[in-house]
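The structure under discussion appears below in the form of structure tokens.
Every number in this text was worked out from the coordinates using simple rules, so none of it is lab data. Since this is a predicted model, take the numbers as computed values, not measurements. Using ideal geometry, Cβ is built from the backbone for each residue, glycine included, and neighbour counts are taken over all protein chains shown.
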Amino acid sequence: MARHSKLQKQVLSLYRQFLRAGQDKPGFLPRIRDEFKENARIKKTDVMHIEYLYRRGQRQLEQLRDVNTKQLGSFSKSKDSG
């Protein structure tokens with residue numbers, strides 16, 4: 001079994017926490033999986049970006065755990081802008 005860095009272990013733990021928190025909210029699990037799968041393509045050497053996404057994920061997890069949260073918002077660049 002491959003050894004994981006501390007940051008990799010933190011990200012995997014965050015992923016598991018998201019999956020647990022999203023179980024009670026319909027439609028959240030596919031979105032969570034897609035988000036992590038897309039970000040898995042980030043190079044392991046891009047530590048600053050990974051740490052930024054990790055901190056952002058922690059904040060999003062707190063929002064997800066809030067009983068009043070009914071949906072996840074997302075920010076994306078529109079194709080018209082630019």
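Which of the residues belonging to the stretch 1-24 are touching a Gly at 6+ places or on another chain (Cβ under 9 Å) and of a type in the set (A, V, I, L, M, F, W, C)? The answer is V11, L14, F18.
Any residue at all in the stretch 40-50 that's within 24 Å of V67 (Cα to Cα), in contact with a helix residue (DSSP H, G or I) (Cβ under 9 Å, 6 or more places away or on another chain) and touching a residue at least 24 places away in the same chain (Cβ under 8 Å)? Within the stretch 40-50 (the criterion being within 24 Å of V67 (Cα to Cα), in contact with a helix residue (DSSP H, G or I) (Cβ under 9 Å, 6 or more places away or on another chain) and touching a residue at least 24 places away in the same chain (Cβ under 8 Å)), the answer is no, since none of the residues qualifies.
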